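Before any comments, here is the structure.
The values are calculated or read from the model by the stated rules, or taken from the named source; none is laboratory data. The structure presented is a predicted model; accordingly, all values stated were derived computationally and were not measured. Cβ placement follows ideal geometry from the backbone for every residue including glycine, while neighbour counts extend to all protein chains displayed.
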């Protein structure tokens, strides 16, 4: 166990060294490739430290995916790994500079949902990735306010980036506080849940060092869910929980898919339509109040919803629907056609996502209804026997929410490595087996270089084909498992 701790620490130190040699520094060049990085003076050292550090960190995390000796051990180790990354420059992407410019835009009286940071005149424009300089902010008003606060208090770019990292770490600390209570409520070992979330390489590299706002969303989301599972059926608590979930949505809109499952967890007693409308209604009121208050007080309204349409401006094979569209386009090019299939594939995927979310929610509702029936049956036969472990009900709702986030990540028009942290937090709290989601999260850790270069950009065609083939195999496997075996013929 101690070996894994110090192997991971060595990995985190190597990643930090790579960040200082060739991280997403303000003056780092754009559009680099692994080959061009290699030819720079510090390039070979940067790539070696980055790849070796990632391998060590992923290997140490993977080796203990089934659980650590104790919850305290998991938390101490995750904190130890985070220490070097706290003093690293931004790594894995340049999004933190976009946050800084969007905060500067709002702080100087310009609507970040109406114009891009280039038109707003941000003085740090050269640090922002070119693809995001002319697009409006896709984040909710709560995060824009936090970014503007970081700009006001930070004074300059360095101070702003430091404060944005402090905000991200605060979100992770909030998540760390909530994880044990949620794990106990779901009947999952706290040492496993804490390890899978807090020690994940994606969390350290992209949420700590990269200062992504996904950390704030995750912290608010878990806090709201913790109140729901601890105080179901209590109007005051559900109002607060709904407000926290609303704040999570006003950081990143993807959190909204969790809300219907939180409403299931909010029900106290039997899961009936009346109980759902009663308890879920209080949760919804709190959420809507948070949306209205933050949108009104910030003066930004709901302009951020329009900004979401620009999140898919880049085309990368790491998004399955985009990969399928690219493959269709490549096939069309072979016969002299230009199908323009990517927008169509993405639209179909979003429609499919809506259907999947409805099915997942209905299955969770049916499962909880089945638990109601089991309770009645057991109560008649064995009145003194508990009808079902207390963890069953919240675990069903949390697992449904986790699968909803998985579907959102898989079917979205674009995928970035840190998106995998969305479902990771809830899967660690509800999934019986871990390999199926830990393995993709481990693989995603290798997709980006320290300066923010996304390797998917340079493997577009082979990556799209590989993703499409993998998707076909997964679909075939799922369909095969769900197809009932044919009865044997009588001879």
*Is one or more of the residues making up region 195-215 part of a helix (DSSP H, G or I), more than 16 Å from the chain's Cα centre (by Cα) and crowded, with 24+ Cβ neighbours inside 10 Å?*
yes
*Name the single residue, out of those in region 106-148 being free of Cβ contacts under 8 Å to residues at least 40 places away in the same chain and part of a helix (DSSP H, G or I), that is nearest to residue 94 (Cα to Cα).*
132
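Step by step: first the residues of region 428-438, then only those that are without any contact (Cβ under 8 Å) to a residue 60 or more places away in the chain and in a helix (DSSP H, G or I), then the one that is surrounded by the fewest Cβ atoms within 10 Å (Cβ to Cβ). Which residue is that?
Step one: list which residues in region 428-438 are without any contact (Cβ under 8 Å) to a residue 60 or more places away in the chain, which gives 431-433, 436-437.
Keeping just the survivors that are in a helix (DSSP H, G or I) gives 436-437.
Working: 436: 10, 437: 19.
Out of the qualifying residues, it is 436.
Of these, 342, 359, which one is free of Cβ contacts under 8 Å to residues at least 60 places away in the same chain and buried (at least 19 other Cβ atoms within 10 Å of the Cβ)?
Within the list 342, 359, the selection yields 342.
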*Name the single residue, out of those in region 276-285 being within 14 Å of residue 233 (Cβ to Cβ) and surrounded by 16 or more Cβ atoms within 10 Å (Cβ to Cβ), that is farthest from the chain's Cα centre (by Cα).*
278
*Could you say whether any residue in region 15-23 is under 28 Å from residue 191 (Cα atoms), at pLDDT 95 or above and either in contact with a helix residue (DSSP H, G or I) (Cβ under 9 Å, 6 or more places away or on another chain) or buried (at least 20 other Cβ atoms within 10 Å of the Cβ) (or both)?*
yes
_Residue under question is residue 93, and the condition is that it be in contact with a strand residue (DSSP E or B) (Cβ under 7 Å, 6 or more places away or on another chain) and either touching a residue at least 60 places away in the same chain (Cβ under 8 Å) or under 28 Å from residue 301 (Cβ atoms) (or both); does it hold?_
yes
*Looking at (1) in contact (Cβ under 8 Å) with a residue 40 or more places away in the chain; (2) not in a loop (DSSP other than H, G, I, E, B), find the lone condition where residue 25 falls short.*
(2)
*Candidate set: region 41-62, residues that are in contact with a helix residue (DSSP H, G or I) (Cβ under 7 Å, 6 or more places away or on another chain) and modelled with pLDDT under 90; chosen: the one surrounded by the most Cβ atoms within 10 Å (Cβ to Cβ)*: 43
_Number of positions in region 443-456 that are in contact (Cβ under 8 Å) with a residue 40 or more places away in the chain, within 14 Å of residue 51 (Cβ to Cβ) and assigned to a helix (DSSP H, G or I)_ = 1
*Subset tally (residues that are buried (at least 22 other Cβ atoms within 10 Å of the Cβ) and farther than 30 Å from residue 99 by Cβ) for region 248-270*: 5
*asked:* I need the full set of residues from region 143-182 which are under 26 Å from residue 230 (Cα atoms) and at pLDDT below 95, in order please.
replied: none
*May I ask you to list the residues in region 396-424 that are buried (at least 23 other Cβ atoms within 10 Å of the Cβ) and outside any helix (DSSP H, G or I)?*
415, 416
_Can you tell me which of (1) free of Cβ contacts under 8 Å to residues at least 60 places away in the same chain; (2) over 25 Å from residue 300 (Cβ atoms); (3) surrounded by 24 or more Cβ atoms within 10 Å (Cβ to Cβ) is the one residue 151 doesn't meet?_
(2)
